[in-house]
1. Using just the helices of the chain, give the 222 nm mean residue ellipticity in deg cm²/dmol: DSSP H runs with n ≥ 4 each add -39,500 (n - 2.57), and the total is spread over all residues, rounded to 500.
2. Which aspartates and glutamates, on any chain, are close to K13 with Cα under 12 Å apart, when same-chain ones fewer than 8 places away are left out?
3. Label-point separation (nm) for R48 and T3, each offset 7 Å from Cα along Cα-to-Cβ?
4. Which value, in debye to the nearest 20, gives the size of the charge dipole of the range 1-82 about its Cα centre, when Lys and Arg are +1 and Asp and Glu are -1 at the Cβ?
5. Compare the Cα positions of P41, L67, I2 along the charge dipole of the chain (+1 at Cβ of Lys, Arg; -1 at Cβ of Asp, Glu; about the Cα centre) and return the one farthest towards the positive end.
6. For the pair R85/L14, report the inter-label distance in nm, with labels modelled 7 Å from Cα in the Cβ direction.
7. I'd like the GluC sites (Glu not before Pro) in the range 13-87 restricted to DSSP loop residues with at most 14 other Cβ atoms within 10 Å, sorted by number.
8. Quick one: length gained pulling V73 to Q38 fully straight, 0.36 nm per residue minus the C-alpha distance?
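Throughout, read-outs are computed from the coordinates displayed, never taken from laboratory work. In this text, all values refer to a predicted model and were calculated from it rather than measured experimentally. Please note: Cβ atoms are built from the backbone with ideal geometry, for glycine as well, and neighbour counts cover all protein chains shown.
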Amino acid sequence: NITLKDVHQGAYKLITYHINREHGSLFDEWARNGFDIQLSPEGLDYLRHIIYPEQNYTKKESVSGQLNFHISVKPFEVIFMEITRIL
């Protein structure tokens, strides 16, 4: 659970970017391709085009100057959060 305090009243857009074993993991994709030590330029381009984090969009309203979030994190997962006030 995450609580942000002293925020302006209003609506906020929350975007979460999830990098985990299923989405965006360069290591796991490299392992699926046999751990090739010397990737060709084509192999690197392939990895650049398929490795994307999962994105989730949510709209939240601040209550009494606070924004509250509940986010579950999987093992070996990293989550980046982008919070923007909707004017």
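1. Details: 2 runs with 17 residues, N = 87.
One gets -5500 deg cm²/dmol as the mean residue ellipticity at 222 nm.
2. E61, E82
3. Computed distance between label sites R48 and T3 equals 4.5 nm.
4. Working: 8 positive and 11 negative charges, 81 e Å.
That gives the range 1-82 a dipole magnitude of about 380 debye.
5. L67
6. So the label points at R85 and L14 sit 1.8 nm apart.
7. Numbers: sites: E22, E29, E42, E54, E61, E77, E82; in loops: E22, E77.
The qualifying sites are E22.
8. Contour length minus the Cα-Cα distance gives 9.3 nm.
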